[in-house]
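Engineer: This is the structure, below, for whatever I ask next.
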């Protein structure tokens, strides 16, 4: 059985390992730029398949639609002099 997986970087290394193991194909659906403070800190998948990602440094909460794989910022937190860490869903 060949399944296609949709992933977010920096999970690419893990996904490539899964692909090499014969798990299925991998597509990158959203990339983040560490120089802009986009450091993925937390990832959660909602029951409807939407993917939520918190970005340390930029204070963003992103949602990637589970059907269209289009991403959007749904919340912007003031991080002050620190990082947005420890989000739980």
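Condition check ((1) modelled with pLDDT of 80 or more; (2) buried (at least 18 other Cβ atoms within 10 Å of the Cβ); (3) closer than 28 Å to residue 79 by Cβ; (4) touching a strand residue (DSSP E or B) at 6+ places or on another chain (Cβ under 8 Å)) across all residues:
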position	(1), (2), (3), (4)
3	no, no, no, yes
18	no, no, no, yes
39	yes, no, yes, yes
47	yes, no, no, no
60	yes, yes, yes, yes
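Engineer: Condition check: part of a strand (DSSP E or B) and at pLDDT 85 or above. Does residue 54 satisfy that? Give the steps one after another, and end with the answer.
Structural biologist: Numbers: part of a strand (DSSP E or B): yes; at pLDDT 85 or above: yes.
Yes; evaluated as a whole, the condition is true for this residue.
The values are calculated or read from the model by the stated rules, or taken from the named source; none is laboratory data. Note that the coordinates shown come from a computational prediction; the quantities given were computed from them, not determined experimentally. Neighbour counts run over all protein chains shown; Cβ positions are idealised from the backbone, glycine included.
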